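Got a structure here, written out as structure tokens. Questions coming.
Any read-out appearing in this document is the output of simple, stated calculations on the displayed coordinates, not a laboratory observation. All values derive from a computational prediction rather than experimental measurement. We place every Cβ from the backbone using ideal geometry, glycine too, and count neighbours over all the protein chains shown.
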Amino acid sequence: MEALPGFLIAAVALAGSPGPATLSLAAAGAAFGARRGLAYLVGLVAGMVVVMGIVASGVVGLLLAVPGAAPVVATLATVYFVWLAWRIATAPPLAEEGPERSPPTFVVCVLLSLINPKGYAAMAALYAGFALVPGQVVLDATVKMAGLTAVIAAVNAGWLLVGAVLTRLFRDPRSNRVINRVFAALLLGSVLVLPFAI
């Protein structure tokens, strides 16, 4: 367990850095508020737990060894993130929010984690780069998964709250639209690096 502090620091840096998931979560906080963005947060964390399991099992390595698989995965992820950015950019201000407009669902957020190449790359780096319980593969993976889940939940809650604070600060419909469009633009900017993330 001597490697645990370094592992957790690396986890905070990788999970907390701006990327499609974190920026879209902050945008959800700005567009819908922290309470209504909670399902988004839980979905992202649940999806990342699945990603950790996939990475730990070695399935990602097998998939990406298939010729042409990486560009297809990156393209599908890019299309999804562009759609998500459009949805964020066109979300009406909270004051105009009607019952027909709702934040992305839990299932959509799980899907977001599952198609996010940055998530797979970060988990692969953390799993391969640290041995927390040397010589005990299953226990090592379990400890890593528990630590990463706690870090990801905390970091993502922070991103959601950052977005929610912006909503509280900018109740004016025009300002809220600007915030949503800025987050959408940042999300699109983070998508530009997707082809290089796998």
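Show me the ranking of peptides 134-144, 152-162 by mean Cβ neighbours inside 10 Å, starting with the highest.
On the way: 134-144: 13.7, 152-162: 19.4.
The densest-packed peptide leads the list: 152-162, 134-144.
Separate question: Work out from phi, with θ = phi - 60° and the Karplus expression 6.51 cos²θ - 1.76 cosθ + 1.60, the ³J(HN,Hα) of each residue of the stretch 31-39, listed in order in whole Hz, and give x for Gly and Pro.
Those phi angles translate into 7, 10, x, 5, 5, 6, x, 4, 4 Hz.
Okay, next question. So for each of 122-131, 176-185 I average, over its residues, the number of other beta carbons within 10 Å; can you give me the resulting order with the highest mean first? Present the calculation step by step, with values, prior to reporting the outcome.
Values: 122-131: 17.6, 176-185: 19.4.
Highest-to-lowest ranking by the protection proxy: 176-185, 122-131.
So if each residue of separation counts as 0.36 nm, and I subtract the Cα-Cα distance between Ala185 and Val138, what length gain in nm does that give? Could the numbers behind the result be given before it?
On the way: separation 47, 0.36 × 47 = 16.92 nm, distance 4.08 nm.
So the chain would gain 12.8 nm between Ala185 and Val138.
Let me ask something else. Could you check the simple spin-label distance between Ala125 and Arg35, using points 7 Å along Cα→Cβ, in nm with one decimal?
About 3.8 nm separates the two model spin labels.
Using 0.36 nm times the number of residues separating Asp172 and Trp83, minus their current alpha carbon distance, what extension gain do you get? All intermediate terms of the calculation are to be shown ahead of the outcome.
Details: separation 89, 0.36 × 89 = 32.04 nm, distance 2.52 nm.
Length gained, Asp172 through Trp83: 29.5 nm.
Return the distance in nm (one decimal) between the two label points of a simple spin-label model at Ala69 and Ala13, each offset 7 Å from Cα along Cα→Cβ.
A separation of 2.9 nm, rounded to one decimal place.
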